[in-house]
Structures are given as structure tokens and as C-alpha cells.
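Below you'll find the structure, written out as C-alpha cells, and then a few comments.
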Amino acid sequence: MDKLQNISHVYRGLLERSRAFASFKEEELNIIYSDLSQYLLPNDTIFDPMSGYGGGMLFLGKKGYKTTNIEINPPSYFWQILINPQNTTAIIKIIKKLQNKATILPIIKDTFSLTDELFSDAAINHIQELFNLIFKSSNNNKSLSIALLLPFVSRFANYVKSPTNITHFKQGGLCSYLDWEQDFYSYLDILCTRLSQDFDTYKQIEHDNILADIFQTDLQREHSFFVTSPPYPNYRDYSKLFKIENYVLDNVILKNKTDFEMMIGSNNVSGKTFGTIHSEKANKFLSELLIKADKIKAKNKKSCSDIKTYYHPYFAQYFYNIQEAYIKLDSMLTDNAIGYIVVNDNITRDIIVPVGASICDIFNNIGYNTIDLDTVQISHYGNIGRAATIMNSKHTRHIIKVWKIK
Ligand SMILES: C[S@@+](CC[C@H](N)C(=O)[O-])C[C@H]1O[C@@H](n2cnc3c(N)ncnc32)[C@H](O)[C@@H]1O
């Protein structure tokens, strides 16, 4: 039986396969590493300014390199804290304390709940008590306690997940709390095994994880290498990928709401403005989108208006934000920096979204050489609506290498 079946599919993916939506693939990191390794010296540090679940840290730490990781989405950041090998000994200690028979888990009085909310009041109180217990067992280490609790909180949530859209959770419904203790112990067992196995394969345990918006961050030192992957422009609200966990952080544990305004790729375009986009490829795409809107105007007024009022501003904002984020990244690098970017071009309204080519434009414009190290065509199923055509489920994955022109 799948012992993690009662927790969210995002964490199941992370716990079982070290992967979730938009993670680096091992093969991509292998391609990057076969090139990057020729420049690296022992003890070098590699930077990821939008580091997600810390796929780069996991891979490069095992190769013997330090990493610096910035991430805006708190649950992704706390996952990094959980898998950072520097924390493994302390986390395993907390797990052992929780597994000890002398530790009494809090009791949730109800056996089930039915509500329109994400959590019942009983569940909220219970999560708070469980957090207090973990916090005490950690000798009051808040960050490690949050990291340990967060993957499990969906066990108490009332929600329905969409079979086709990973960022879509409908809140409300039935939640049974029966046997949650067994599920908690299974989670702790699986996590403990996973962390111990990872720990043995890490060759470098020094990694920095920073919870921040890249636009608002300045580092103490400049980096000479970076490996990163930008968010996809696919109209998803990325904060919703962790809707349950962000709810718990905002309302139960941290009680200070994260500002997701600058989360690149998210689908909120209303009322936002953007500046000049310098990439020729991005501008050509944006014009094609408007031409398409005019072409279909007579036949399909609604689609035409969707493009003009939603898709066009969405992509303009995406390309502008990516441009500004990489200009900011450049300011954090040395003047002989080398970087690798894993990027996907998807298709919208039957037009290819030239993310890879635009990123090359962005780096060329700020004084870098660029090459496409590797390109593959990928069809992905299961993560899109049934109505989407096969055409729209195809994308091209590029690995772009950039290096500063001296
Ligand atoms: C494609 S994912 C990176 C996944 C990562 N390569 C991995 O394997 O785990 C892109 C990440 O950029 C983050 N992001 C978006 N806007 C950001 C910003 N303004 N500052 C920092 N991170 C941001 C998103 O939250 C997301 O986790």
C-alpha cells in the first residue's frame, strides 16, 4: 500500500522521487555538469536564483560543490531546509524523539470533518498542537520544525485535487482523521530513510537557502557559476501549488502573508504594468499573438478578447519580469561568470512561446555569449486539460549556456 497516499501529491513526488512540477531532471543536470565540471574547482559555489525544491543543491552537493539558493515560495524553501544535508543530523534527532514511545502525540477529538473551508477549526488547533510538539522536540528550532511539519499538513485538509492540473486544489469536502498517527509515523519513517540515504551520498554539505524575492535580494558575495530554471509561462498561480501549506504558514504558524506579487509566471495580470521588453524574439511573439487575435475576431469574439485582455498582457509581463530578473542576476555575478538555464518553450494559441530564444536575447543584450547546449522535443500528458490539443501538450526543452564576454 502507498503509505504516503494521504498527503499531497506534490510532497509524495518530492519524497518518493525527489521531483515535483517543474523540477530539474537528472538527465538535464548531467548534461550541464558534463560541461560545467571543466571550469569548477573544489569548493566552488554554484548559485540558483530561483531554486524551487533545491534540485540543484541535491545534485551539485553530491558532486562536491557548495550552492546558494534563493526561492520566493515558502513551502519550496522549507523543502530545501528539510533536504539540506547540514540539517540532516538535527532533523533525524527530532524524528527519533517523535518516534519515541514516551512522546505523546496530540489528540484530535473529531474523527472526520465536512466543511467548505480548507481546514476545520479542530484541524487548525491540531496542527498548532502538532507544531508545538515538534518545536519542543527540536529544542525550539522554528525553521526545522516548520520544514518537518509542512509536508504532512495536507493530511488534515479538506480538499479535492484536480487529476489534470497540479496547481489546482478545490477547497472543502470530507476529511477523515482516523489513523492519522499511523500516517504520521509512516511519513517520519520514509523521510528518515530518505534523508539518511541522501546524507551518505552528499560530498559537500555547505549550502545556503534564502527565502526571498530575487528582485529584493542582495548577496554578500558575487558568484561565478549559476544553474537555474525559470518558472514556465503557463498561466498557473505557482503559489497555489502549495495552497494548503501556504494557508497553514499564513494562518497558523508564521501569520505573516507572503507577497507573491513578484512570483514570475503567475497568472495574475490585472492592473499590472510592465516596462520595455528588449528581446526581439519576445516582441515578435507578442506581435504574432495580437495578429492572431485580429485574425479570429470575426469568427470568435471571445477568443480574440481573451488574447487581448489576458494572454497578451500575461506574456508581456512574463517576458519583462524574466528580463529584469536576469539583469538582477547579472548584478550578483562576477565578470567572468558562466551559467546554465534549463528552459521550456510551450505553445499557446498554436504559436510557439520562444522562452529559450528570448532568454538568449536577454543575455546577449547584457553582454553574454549564449549557445543552446541541448534541445529535445517533449510531449507531456496528464498535466493539462482534456480539451487541449496534442499540439499544445508538446514543448521543446533547451539547455542554454551563457558566459560573460570579457
Ligand atoms: C522552474 S522552478 C525551479 C525548480 C528547480 N530548478 C528545482 O529543480 O527544484 C522556478 C522557481 O522560481 C521561483 N520564483 C519565481 N519568481 C521568483 C522571484 N521573484 N524570486 C525568487 N524565486 C522566484 C518559483 O517559486 C519556482 O520555484
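Read-outs: derived from the displayed coordinates by stated rules, not from any lab. Quantities reported herein were computed from a predicted structural model and do not represent experimental measurements. Cβ atoms come from the backbone with ideal geometry, glycine included; neighbour counts cover every protein chain shown.
Near the amide H of Phe47, within less than 5 Å, lie the amide hydrogens of Thr68, Phe225, Phe226, Val227, all on another chain or at least 5 residues away, with H placed in the peptide plane.
Over the chain, what is the relative contact order in percent, taking alpha-carbon pairs closer than 8 angstrom and at least six residues apart? Can you show the working numbers first?
Details: 669 pairs, mean separation 72.5, N = 406.
It rounds to 18 percent for the chain.
Which whole number in µm²/s is D for the stretch 21-112 by Stokes-Einstein, with the Kirkwood Rh taken over Cα pairs at 20 °C and 1.002 mPa s?
Working: Rh = 15.7 Å.
Taking Rh from Cα pairs, D becomes 137 µm²/s.
Once you divide the Cα radius of gyration of the stretch 20-211 by 2.2 N^0.38 Å, the number left is 1.15. Each of the peptides 7-19, 282-294 was scored by the mean count of other Cβ atoms within 10 Å over its residues; in descending order, highest first, they stand as 7-19, 282-294. Annotation note: trypsin sites (Lys or Arg not before Pro) in the stretch 159-208 located in DSSP loop regions with a Cβ neighbour count of at most 15 within 10 Å are Lys203. With unit charges on the beta carbon (Lys/Arg positive, Asp/Glu negative), name the residue among Ser303, Phe169, Leu333 whose Cα is farthest towards the positive pole of the charge dipole of the chain. Sorting the options by dipole projection puts first Ser303.
Suppose the chain between Gln377 and Ala122 were pulled fully straight at 0.36 nm per residue; how much longer would it get relative to their current alpha carbon spacing? Please report the intermediate quantities before stating the final value.
On the way: separation 255, 0.36 × 255 = 91.80 nm, distance 4.83 nm.
Between Gln377 and Ala122, full extension yields 87.0 nm more.
Across the stretch 175-191, rounded Karplus estimates of 3J(HN,Hα) from the backbone phi angles (6.51 cos²θ - 1.76 cosθ + 1.60, θ = phi - 60°) give 9, 9, 9, 4, 6, 4, 4, 4, 4, 5, 5, 4, 4, 4, 4, 5, 5 Hz, Gly and Pro being marked x. For Lys308, the aspartates and glutamates whose Cα comes closer than 18 Å to its Cα, not counting residues fewer than 8 places off in the same chain, are Glu288, Asp294, Asp350. Helical content alone sets the calculated 222 nm signal of the chain at -12000 deg cm²/dmol, taking -39,500 (n - 2.57) per DSSP H segment of four or more residues and averaging over every residue.
Look at Trp79, Trp403, Trp180 and count the other Cβ atoms within 10 Å of each Cβ; fewest to most, that gives Trp403, Trp180, Trp79. When Val252, Val342 are arranged by Cβ crowding within 10 Å, least crowded first, meaning fewest neighbours, the order is Val252, Val342. The long axis of helix 312-331 is offset from the longest Cα principal axis of the chain by roughly 80 degrees. Rounded to the nearest 10 degrees, the inclination of helix 74-83 to the longest alpha-carbon principal axis of the chain is 70 degrees.
Listed here are the pairs Lys63/Lys255; Lys161/Lys281; Lys25/Lys66; Lys66/Lys101; which of them are more than 31 Å apart at the Cα? Before the final figure, lay out the partial values.
Working: Lys63/Lys255 38 Å; Lys161/Lys281 36 Å; Lys25/Lys66 19 Å; Lys66/Lys101 38 Å.
As for pairs spanning more than 31 Å Cα to Cα, those are Lys63/Lys255; Lys161/Lys281; Lys66/Lys101.
Classification of the chain by its C-alpha gyration tensor yields an oblate form. The axis ratio a/c (a ≥ b ≥ c) is 1.5 or more, and b/c is at least a/b.
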